[in-house]
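Step one of this worksheet: look at the structure below.
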Amino acid sequence: MRENFNSKFGFILAAAGSAIGLGNIYQFPFKAGEGGGAAFLFLYLLFTFVFCLPVMISEIAIGRAARQNAAGSYRVLGHKRWSLLGKTGVLTGFVIFSYYIMIAGWILSYLFDYLTGTPAISQRFPELVANPLRVFGFAALFMAITVLFIARGVRGIESAVRLLMPALTILLLGLVIYALTLDGASQGLAFYLQPSADEFLKTSTIHSALSQAFFSLSLGMGALITYGSYMKSNQSIVKSAALIAIADVTIAFLAGLLIFPVVFSFGMSPSGGPEMLFATLPKAFESMGSIGPFIGFSFFLLLSVAVLTSTISFLEVITAYVSEEWQKKRQSAAIGVGVAVLLLSVLAILSFDPKSTLSSGFLPYPSGISVNYFTFIDDLFSGIYLPLGGLLIILFASYRWKNFKTELATGDDGTLKKISWLLDPMLRYICPIILALLVVISFFDKYFGIHLI
Ligand code: TRP
């Protein structure tokens, strides 16, 4: 018998755990700061609830109806050819996981530094990334922890999220309260939340909000097909999806309330990319006096917890695929996948080592800018593939799969009836058309520097 989540809440916690991760605590606040504060926030909420929610509903329904991994699900539903979409999704997960685990390694290394009282942590980032062996070691340790949970199956996932999600919420709330009481917090809030009108219709802001919404909700590659396949049938898909999205945006929003007040209170300006987490914030923690190391430790613990529930979801998607499609035992599949992902992660790790050819200048885009290997695969797999995959998933559910509506109605508590006047046209017309347009716009913007709007 295939396992299920034990409770309704277990499924929602696990899916929220998958959603809440680096996307919320690291990317969101930074992108919001860069994209004109409230302008970005507005676009992000719009994309999440209007365009992403229907994709999420489709993914969960496909998984729950088929009760198979992300690729096998299409076959079980009678559309063998579509399993190619599932396979490219799993491959995408594999690639994204290979750099996600690198960042997990960075975080663990910092956590370790705080634990051992290493001095001047804020200056360690250049040293850390120029030391691929250390990064690899910590990434491998993080992977080993992830494998331990996945090897135990759905029960392992459920017990992890039952412990980790409340821990995450408490840590985050505690840190937010502390941050808001700092002198100068209001400057940070102004930067974070004041809308700047000219950012609204910038193509780069739109693209950034779109890819953020997909990445943050773990959509487009079949993660929720996999989790949906363990969901009980007496639970409303629409309502669960809404709860997951609400949890995800709430945590992202709170993370901004933590990060910007801290940064501005200590007279620093928000920096882009990894600098923010690994240099700017630690610097602010160092200016806090004796409480600094404790706040720093708590913050990196928070990150580790958020990241662990996400690495669990990446590993589950690929492990479910390998164990069901290639008929391998779950334990050995989990270990094998973990090792393979770590091997690929070496390329991502090297792209931050200035000595490596994979680092900056690795690949020139036609638009004229050059990127390292990490940015190249992040743009391609997360920036382009996830929205594209989401578009194809919604097309499959709406136009190819006959029982979509029946599956959505199963276990529903009346929510579906109330919103079907909106959901139907969304699923069939509005989402596919807008998503297709957005993917095309993003593609030209990213690679060719051509702004279609
Ligand atoms: N959503 C996670 C985050 O915000 C990352 C993540 C986990 C993910 N599983 C995924 C992204 C599957 C895309 C697909 O950090």
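Here are a few things to note about the model shown:
- Within segment 67-89, the residues that satisfy the criterion of being surrounded by fewer than 23 Cβ atoms within 10 Å (Cβ to Cβ) and either without any contact (Cβ under 8 Å) to a residue 12 or more places away in the chain or aliphatic (A, V, I, L, M) (or both) are Arg75, Val76, Leu77, Gly78, Lys80, Arg81, Leu84, Leu85.
- Scan of segment 135-154 for residues that are open to solvent by less than 60 Å² (accessible area, probe 1.4 Å), part of a helix (DSSP H, G or I) and not β-branched (Val, Ile, Thr), ordered by number: Gly137, Phe138, Ala139, Ala140, Phe142, Met143, Ala144, Phe149, Ala151
- Which listed residue is under 21 Å from Arg81 (Cα atoms) and surrounded by 19 or more Cβ atoms within 10 Å (Cβ to Cβ), from Tyr385, Tyr399: Tyr385
- Filtered residues of segment 323-375 (kept if open to solvent by less than 50 Å² (accessible area, probe 1.4 Å), polar (S, T, N, Q) and either farther than 21 Å from Lys87 by Cα or at pLDDT below 95 (or both)): Ser351, Ser356, Ser359, Ser367, Asn372, Thr375
- Single unsatisfied condition, Val263 versus (1) closer than 30 Å to Thr118 by Cα; (2) among the β-branched types (Val, Ile, Thr); (3) within 16 Å of the ligand (Cβ to nearest atom): (3)
- Count of segment 110-121 residues which are under 14 Å from Phe299 (Cβ atoms) and of a type in the set (Ser, Thr, Tyr): 2
- Residue selected from segment 104-121 under the condition open to solvent by 10 Å² or more (accessible area, probe 1.4 Å) and touching a residue at least 24 places away in the same chain (Cβ under 8 Å), by the criterion nearest to Ala284 (Cα to Cα): Ala120
- Check on Ile157, over 24 Å from the mean Cα position of the chain (by Cα), assigned to a helix (DSSP H, G or I) and not polar (S, T, N, Q): no
- Taken over segment 204-228, the residue count meeting the criterion of being open to solvent by less than 10 Å² (accessible area, probe 1.4 Å) and more than 15 Å from the ligand (Cβ to nearest atom) is 1.
- The condition (being open to solvent by less than 70 Å² (accessible area, probe 1.4 Å) and within 30 Å of Gly449 (Cα to Cα)) is satisfied by just one residue among Leu416, Leu408, Leu423, Leu380: Leu380.
- Within segment 413-439, residues that are free of Cβ contacts under 8 Å to residues at least 60 places away in the same chain reach partners that are open to solvent by less than 70 Å² (accessible area, probe 1.4 Å) and not aliphatic (A, V, I, L, M) with beta carbons closer than 6 Å, at six or more positions or on different chains, in the pairs Arg428/Ser398; Val439/Pro387.
- Within segment 1-39, if we keep just the residues that are hydrophobic (A, V, I, L, M, F, W, C), more than 16 Å from the ligand (Cβ to nearest atom) and modelled with pLDDT under 90, the residue that is least open to solvent (accessible area, probe 1.4 Å) turns out to be Ala39.
- Helices (runs of 4 or more DSSP H) fully within segment 233-326 that include at least 3 residues being within 16 Å of the chain's Cα centre (by Cα): 237-265, 292-325.
The values are calculated or read from the model by the stated rules, or taken from the named source; none is laboratory data. It should be emphasised that the depicted structure is a prediction, and the values quoted were computed from it without experimental measurement. Ideal geometry is used to build each Cβ from the backbone, glycine not excepted, and the neighbour counts take in all protein chains shown. Just the protein is used for accessible areas: all its heavy atoms, side chains included, with ligands, DNA and RNA removed. Shrake-Rupley method; radii C 1.70, N 1.55, O 1.52, S 1.80 Å.
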